[in-house]
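Colleague: Encoded as structure tokens, here's the structure I'll be asking about.
The values are calculated or read from the model by the stated rules, or taken from the named source; none is laboratory data. The shown structure was predicted, so the numbers you read here are calculated from the model rather than taken from an experiment. Here the Cβ positions follow ideal geometry from the backbone for every residue, glycine too, while neighbour counts run over all protein chains shown. Please note that ligands, DNA and RNA were not included when accessible areas were found on the heavy atoms of the full protein model with its side chains. Shrake-Rupley method; radii C 1.70, N 1.55, O 1.52, S 1.80 Å.
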Amino acid sequence: MNTLASRKKTGRRHPLASAALLIIGLVAAGGASAAVGTVANAQPAQSSPHAQQLTEQDGAELFRANCASCHGMNAEGTEHGTSLIGVGAASVDFQVMTGRMPMAFQGPQALQREPQFTQEQSDAMGDWIASLAPGPERPAEEWLDTSQVTDEELAEGGALFRINCAMCHNVAGAGGALTEGKFAPHLRDIDAAHIYEAMQTGPQNMPVFNDNNISPEQKRQIIAYLHYLDENPSVGGFDLGALGPVSEGLFIWIFGLGGLVGVAVWLTSRPN
């Protein structure tokens, strides 16, 4: 009692009081910072109508702020990234709007993820890249509209896909492994423009299929076939992972033939 009374008289604080005040101050500062950050992050969404008025110069500024560390201030390339002079607006739209660029980390190939830019920002950067040198342009809408594709054209698209694409992407568009940690991605639920642009520009490990190799009409047929696979993922029943005849053959040998052997053993083991 005497000790408590002496503390009250001298006005001394508890040893943990300073630590408690420090924690309260940090929590308050963190909450204020989070609130300011939320407001700051919300501002670009409010200014989205202005994003439709982006120019080539806006695209150049976006590029230099986000891409120049690898590709150079004027897209001339560096030791960390290739030159983009002559790749065209189609390549920019594919790489940016599939989220492959900017790369999340260095690796055998860029991985698809959520895009970091809006379509308007991507178009502005593509227009600036296209102004540096001629290159593949973004596809016209007429080559992306598959609503008028006939059954015969759809079958032709399937044949073209199997001849030119299935060796890497699998006959069902399920993707496949390549060398040195690379892979051909699956082609399910892909935007028509990105399919067309991939054939035009040959991103990463993919060869270029220009209009002399595969005409715009044929590209539209391939797009129609891939969209048909989206709606009919396995027309023959259980697809066994869409890995091809090897997996199906193993299934028959292991389960089909194994089941027959098991039935035969069971029948012969029964007493007469």
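Colleague: Among the residues of region 9-26, are any charged (D, E, K, R) and at pLDDT 95 or above?
Modeller: no
Colleague: If you scan region 167-190, which residues turn out to be farther than 15 Å from residue 204 by Cα, of a type outside the set (Lys, Arg) and open to solvent by less than 80 Å² (accessible area, probe 1.4 Å)?
Modeller: Selection gives 170, 171, 172, 173, 174, 187, 190.
Colleague: With respect to residue 262, determine if the residue is on the phi > 0 side of the Ramachandran plot, outside any loop (DSSP other than H, G, I, E, B) and either at pLDDT below 90 or out of contact with any strand residue (DSSP E or B) (no Cβ under 6 Å at 6 or more places or on another chain) (or both).
Modeller: no
Colleague: Give me the pairs: first residue in region 71-85 and part of a loop (DSSP other than H, G, I, E, B), second residue crowded, with 17+ Cβ neighbours inside 10 Å and of a type in the set (Phe, Trp, Tyr), beta-carbon distance under 8 Å, and six or more apart or on different chains, which are they?
Modeller: From region 71-85, the pairs are 75/63.
Colleague: Mind listing whichever residues of region 165-221 are among the polar types (S, T, N, Q) and either part of a loop (DSSP other than H, G, I, E, B) or over 20 Å from the mean Cα position of the chain (by Cα) (or both)?
Modeller: 170, 179, 204, 205, 210, 212, 213, 215, 218, 221
Colleague: Among the numbered conditions (1) in a loop (DSSP other than H, G, I, E, B); (2) surrounded by fewer than 18 Cβ atoms within 10 Å (Cβ to Cβ); (3) over 23 Å from the mean Cα position of the chain (by Cα), tell me where residue 131 comes up short.
Modeller: Failing condition for residue 131: (1).
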